[in-house]
Amino acid sequence: MSLALFDTLFGSKARARTLRFFVLNPETEFSSADIAEKTLVSRKDIAREILRLVKMRFLLEKTRKGKKFYILNQDFPFNPELHSLVSKLNVEAQSQIFRKLKTVGEVKLILISGLFINYPKSKVDMILVVNNENPTKLRHAIAHLEAEVGKEIRYFLMNAEDLHYRLNMLDRFFKEFLEGPYEEVVNKIPELKRFIAGLKK
């Protein structure tokens with residue numbers, strides 16, 4: 001299932017992002033301001049969606065020191081089905097959600113695993129190889145990506161020189177990542193294919 005179809009299924013991007021966010025962060029309490037910040041949805045829209053989701057008992061409302069917080073209701077009857085839907089989101093096929101990452105510098109490599117392909121054993125969700133990266137653009141791109149997928153992204157950033165060093169040293173972290181399931185979004189590193197071929201021998 002695509003992200004666009006998921007948004008359409010639940011009526012709006014605001015509702016879909018809110019649902020996805022709580023399904024993927026089921027044990028944490030959030031204020032409405034937190035939710036708006038992490039989903040990049042306006043506070044007005046978040047307030048409207050929270051009100052609906054509390055009324056249908058998808059979310060539980062708690063108050064501490066006069067401030068309201070919200071958490072997923074673990075007893076909501078359709079939690080298993082919602083989790084199944086979210087896990088089937090074909091994020092890796094939605095190349096448009098990675099387009100902001102391609103503007104953060106000279107992007108040489110984007111590899112995704114973990115959250116993006118429903119492989120929880122991966123130590124990171126994404127490996128980025130970028131030369132001359134713009135830190136501000138990178139922060140904004142990651143925030144946009146996290147809002148789309150509904151969860152904090154574990155990523156590893158390096159430049160091409162660092163990558164070449166790791167390939168030459170047969171870096172254990174990088175080797176383990178490549179031995180597990182992953183997808184390529186961008187690959188402008190010709191020697192990487194030779195390195196991967198060597199791992200399969």
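The values are calculated or read from the model by the stated rules, or taken from the named source; none is laboratory data. Given the structure is predicted, the values throughout are model-derived calculations rather than measurements. Because the Cβ atoms are built from the backbone with ideal geometry, glycine has one as well, and the counts that use them run over all protein chains shown.
Take the range 119-136 and flag every residue that is in a strand (DSSP E or B), surrounded by fewer than 18 Cβ atoms within 10 Å (Cβ to Cβ) and β-branched (Val, Ile, Thr).
We begin by selecting, within the range 119-136, every residue in a strand (DSSP E or B); these are 126-131.
In the following step, the residues that additionally are surrounded by fewer than 18 Cβ atoms within 10 Å (Cβ to Cβ) were identified as 131.
Within the range 119-136, none qualify.
Could we say that Phe10 is under 14 Å from the mean Cα position of the chain (by Cα), farther than 30 Å from Lys188 by Cβ and among the aromatic types (Phe, Trp, Tyr) here? Step through it out loud before you land on a result.
Numbers: under 14 Å from the mean Cα position of the chain (by Cα): no; farther than 30 Å from Lys188 by Cβ: yes; among the aromatic types (Phe, Trp, Tyr): yes.
No.
Is the range 107-114 home to any residue that is on the phi > 0 side of the Ramachandran plot and not polar (S, T, N, Q)? Lay out the reasoning, then the answer.
The initial filter retains those residues of the range 107-114 that are on the phi > 0 side of the Ramachandran plot, namely 114.
Cutting the leftovers down to not polar (S, T, N, Q) gives us 114.
Scanning the range 107-114 turns up at least one residue that is on the phi > 0 side of the Ramachandran plot and not polar (S, T, N, Q).
Quick one: is Lys38 touching an Asp or Glu at 6+ places or on another chain (Cβ under 9 Å) and surrounded by 12 or more Cβ atoms within 10 Å (Cβ to Cβ)? Can you show your working first?
On the way: touching an Asp or Glu at 6+ places or on another chain (Cβ under 9 Å): yes; surrounded by 12 or more Cβ atoms within 10 Å (Cβ to Cβ): yes.
Yes: the conditions hold for Lys38.
Quick one: which of Leu145, Leu128, Leu157, Leu82 is assigned by TED's automatic domain parsing to the domain that holds Phe30, of a type in the set (A, V, I, L, M) and in contact with a helix residue (DSSP H, G or I) (Cβ under 9 Å, 6 or more places away or on another chain)?
Values: Leu145 fails: assigned by TED's automatic domain parsing to the domain that holds Phe30; Leu128 fails: assigned by TED's automatic domain parsing to the domain that holds Phe30; Leu157 fails: assigned by TED's automatic domain parsing to the domain that holds Phe30.
One residue alone meets the criteria, Leu82.
Suppose the filter is in contact with a Ser or Thr (Cβ under 7 Å, 6 or more places away or on another chain), crowded, with 18+ Cβ neighbours inside 10 Å and aromatic (Phe, Trp, Tyr); does Phe116 pass it? Working first, answer last.
Working: in contact with a Ser or Thr (Cβ under 7 Å, 6 or more places away or on another chain): no; crowded, with 18+ Cβ neighbours inside 10 Å: yes; aromatic (Phe, Trp, Tyr): yes.
Spelling it out, it is not the case that Phe116 is in contact with a Ser or Thr (Cβ under 7 Å, 6 or more places away or on another chain), crowded, with 18+ Cβ neighbours inside 10 Å and aromatic (Phe, Trp, Tyr).
Would you mind stating whether Ala160 is more than 22 Å from Ala36 (Cα to Cα), surrounded by fewer than 17 Cβ atoms within 10 Å (Cβ to Cβ) and small (Gly, Ala, Ser)?
Numbers: more than 22 Å from Ala36 (Cα to Cα): yes; surrounded by fewer than 17 Cβ atoms within 10 Å (Cβ to Cβ): yes; small (Gly, Ala, Ser): yes.
It is true that Ala160 is more than 22 Å from Ala36 (Cα to Cα), surrounded by fewer than 17 Cβ atoms within 10 Å (Cβ to Cβ) and small (Gly, Ala, Ser).
List, please: which pairs have Cβ atoms under 7 Å, are six or more places apart or on different chains, and start with a residue in the range 133-146 that is charged (D, E, K, R) and end with one that is part of a helix (DSSP H, G or I)?
Going by the 7 Å Cβ cut-off, the qualifying pairs are Lys137/Thr103; Glu146/Lys38.
Please tell me if Ser32 is surrounded by 13 or more Cβ atoms within 10 Å (Cβ to Cβ) and either small (Gly, Ala, Ser) or closer than 15 Å to Gly150 by Cβ (or both).
On the way: surrounded by 13 or more Cβ atoms within 10 Å (Cβ to Cβ): yes; either small (Gly, Ala, Ser) or closer than 15 Å to Gly150 by Cβ (or both): yes.
Criteria met by Ser32.
What number of residues within the range 125-149 are of a type in the set (Val, Ile, Thr) and more than 11 Å from the chain's Cα centre (by Cα)?
Step one: list which residues in the range 125-149 are of a type in the set (Val, Ile, Thr), which gives 127, 129-130, 136, 142, 149.
Next, from what is left, pick out any that are more than 11 Å from the chain's Cα centre (by Cα): 127, 129-130, 136.
Total meeting the criteria: 4.
Among the candidates Phe174, Phe195, which residue alone is assigned by TED's automatic domain parsing to the domain that holds Leu101, more than 26 Å from the chain's Cα centre (by Cα), surrounded by 16 or more Cβ atoms within 10 Å (Cβ to Cβ) and closer than 26 Å to Leu138 by Cβ? Give the derivation first.
Values: Phe174 fails: more than 26 Å from the chain's Cα centre (by Cα).
Result: Phe195 is the single residue among Phe174, Phe195 that is assigned by TED's automatic domain parsing to the domain that holds Leu101, more than 26 Å from the chain's Cα centre (by Cα), surrounded by 16 or more Cβ atoms within 10 Å (Cβ to Cβ) and closer than 26 Å to Leu138 by Cβ.
Which one of the conditions (1) at pLDDT 90 or above; (2) at positive phi does Gln74 fail to meet, given that it meets all the rest?
Gln74 satisfies every listed condition except (2).
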